Amino acid sequence: MLELFDIQSFVFQAFGKSFRGWYAFLQFDNDQMEKNLDWLKSQLAYVAGVDDETKMLDREALEYYLVMGFTHSGLEKLGIGIKGSRPYRKPFSEAFMEGMVERAEILGDKPDSWEWGGKEETEPHLVLAMFANENEFENKKSDFKKAYEQAGFKEVRAVEGYSHKDLREHFGFADGISQPLIEGFHDSIDKNNLCEPGEFVLGYRNERGVYPESALVEHNNESGEFDLGKNGSFMVVRQLEQDAERFRAGNPREVDAAKLIGRWRSGAPLTLCPFNDNIKLKENNSFTYFQHDRYGMKCPIGSHIRRSNPRDNKFSLNDHEDRERTQALNKRHRIIRRGRLYGPEVPKEFYEGANTLDPKKPHESRGTLFICLNASIENQFEFVMQNWINRKDFNGLRNELDPLSTVDEEENRHFTTPGMPKTERRQLQQYVTMRGGAYFFLPGMRALRFIVSGFNPV
Ligand code: HEM
């Protein structure tokens, strides 16, 4: 059974769209460590778990809610790790210990050009994501910022994240529709979306039937060790800048833009309504590709949603049993998305043809603070990036990338739209640019108290 009270609530809920988020990416200060930790301890009261019975936050209304996570270099600063005062009995997984920068080749990244996270001076040690109600946000944000600065933390980047009122992202498409559900938390009969908890939380069985890799550190209790991973989750953060004007200019027809994403602007899936947007299908997520659209005539094979979650799609298979197997394997690579928009909102009229993005105004960058949660960075986030999003020969394609890929390769950015009588292949531009990011670990509540309170028994 899931120990809900011990899992940071962010795993199960995104905080509603009436909440804004202040994502502070911080570094400890070696000379002020005690002060840093004293303040962090005071903030534990704002990190909520989930109530076992109601499945809601286990706290009465708080002034604000916090999500707290550490990079591996952050944990090392606190003394955890091979050389630290709290050595491993079993270390964390390789991807987390190496960090996003070291994984650049797998991800197709160029960290030297990032604004933050790419170098030691800008690599965060921890993230504090503070969520407060829209109408109180400004005050809470400035008090919170003042408090961590006074406590001696250095801010390497802070991003204000919000949700569009219609839950659109900056290219004008409904976002956050397809999410995996967690067995034991969500009631669902949709077995293709229901995943074992060990896909997202450490300490439980995953879709392979095994426990995801956890980390154990030495401890002065009876067993001599403490399970640092139990009830924790890995959080991937990527600041992805979006060029909304370029996207619109490159895809003037609604259908062109929709084909790149795999859904119409309302969110209706092309697989179910290939010719026109259909508002009645805007949140529909019950479709598969093999059955409804095997060759991508409706939703192109290379579209963003088909690459990032191919469902039962596998070209060469032709019998029912194999299709089920493909779907079961696919469930080992799901991610929970928790991203938010940053920067100025793009007005709806812009996508309806009005030139409302005023070229006279100074350029302000905007994008998505992409966030995803998973129990294995290697098998989930990195797998999706390497084998699906950035795979040039994905499912029989030739020399293509996901249309929203951040790989910097303009001349080789093609997109195929299968069709009858004619299949089209066109050149695309780069619409999304990676500005910085890191891998964090969100410890369970017990582990969080253990880490922040200087490893006292909990
Ligand atoms: C700025 C960059 C991005 C934008 C604008 C974007 C936008 C979207 C949109 C509009 C959808 C369809 C609606 C939905 O199902 O929620 C979607 C789905 C999805 N995206 Fe992205 N996305 C971006 C980056 C990424 C990245 C980097 C990843 C992965 C590692 C990713 C993974 C996914 C997944 C897994 C889905 C759900 C697919 C499904 O289950 O059908 N996205 N995205």
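What is the sum of charges around residue 168, taking Lys and Arg as +1, Asp and Glu as -1, for the other residues whose C-beta is under 12 Å from the C-beta of residue 168? List each step's numbers first, then the result.
Details: positive: 17, 165, 263, 265, 282, 348; negative: 166, 169, 175, 345.
Within the 12 Å Cβ shell, the charges total +2.
In deg cm²/dmol, rounded to 500, what helix-only [θ] at 222 nm does the chain give when every DSSP H run of at least 4 residues adds -39500 (n - 2.57) and the total is split over its residues? Before the final figure, lay out the partial values.
On the way: 12 runs with 88 residues, N = 458.
Theoretical 222 nm ellipticity from helices: -5000 deg cm²/dmol.
Can you tell me the dipole magnitude for the chain around its Cα centre, using point charges on the Cβ only (Lys, Arg +1; Asp, Glu -1), in Debye to the nearest 20?
Dipole of the chain, to the nearest 20 debye: 1140 debye.
Need one number for region 156-244: average projected area of the convex hull over its C-alpha atoms, nm². Kindly include the intermediate steps, with their values, before the conclusion.
Values: hull surface 40.1 nm².
Across all orientations, region 156-244 yields a mean hull projection of 10.0 nm².
Among 69, 291, 204, which residue has its Cα furthest toward the positive end of the charge dipole of the chain, with +1 on Lys/Arg Cβ and -1 on Asp/Glu Cβ?
291
Using a Cα-Cα cut-off of under 18 Å, which aspartates and glutamates could be cross-linked to residue 110, ignoring same-chain neighbours fewer than 8 residues away?
Straight-distance partners of residue 110: 98, 102, 120, 121, 123, 241, 382, 402, 408, 409, 410, 411.
If you wrap the chain's Cα atoms in a convex hull and average its projection over all directions, what's the area in nm²?
On the way: hull surface 90.4 nm².
Reported value for the Cα convex hull: 22.6 nm².
One quarter of the convex hull surface, Cα atoms only: what value does that give for region 238-437 in nm²?
Values: hull surface 48.0 nm².
In nm², the orientation-averaged hull projection of region 238-437 is 12.0.
Ranking request for peptides 51-62, 293-304, 104-115: highest mean number of other beta-carbon atoms within 10 Å first, then the rest in descending order. Before the final figure, lay out the partial values.
On the way: 51-62: 12.2, 293-304: 22.0, 104-115: 15.9.
Averaged packing, sorted descending, gives the order 293-304, 104-115, 51-62.
Treat every Asp and Glu Cβ in region 238-437 as -1 and every Lys and Arg Cβ as +1, leave all other atoms uncharged, and give the resulting dipole magnitude about the Cα centre to the nearest 20 debye.
On the way: 35 positive and 28 negative charges, 69 e Å.
About 340 debye.
The numbers here are math on the coordinates, done by the rules we state, and not lab data. Not measured: the values here are computed from a predicted model. As a convention, Cβ positions derive from the backbone with ideal geometry for all residues, glycine included, and neighbour counts pool all protein chains shown.
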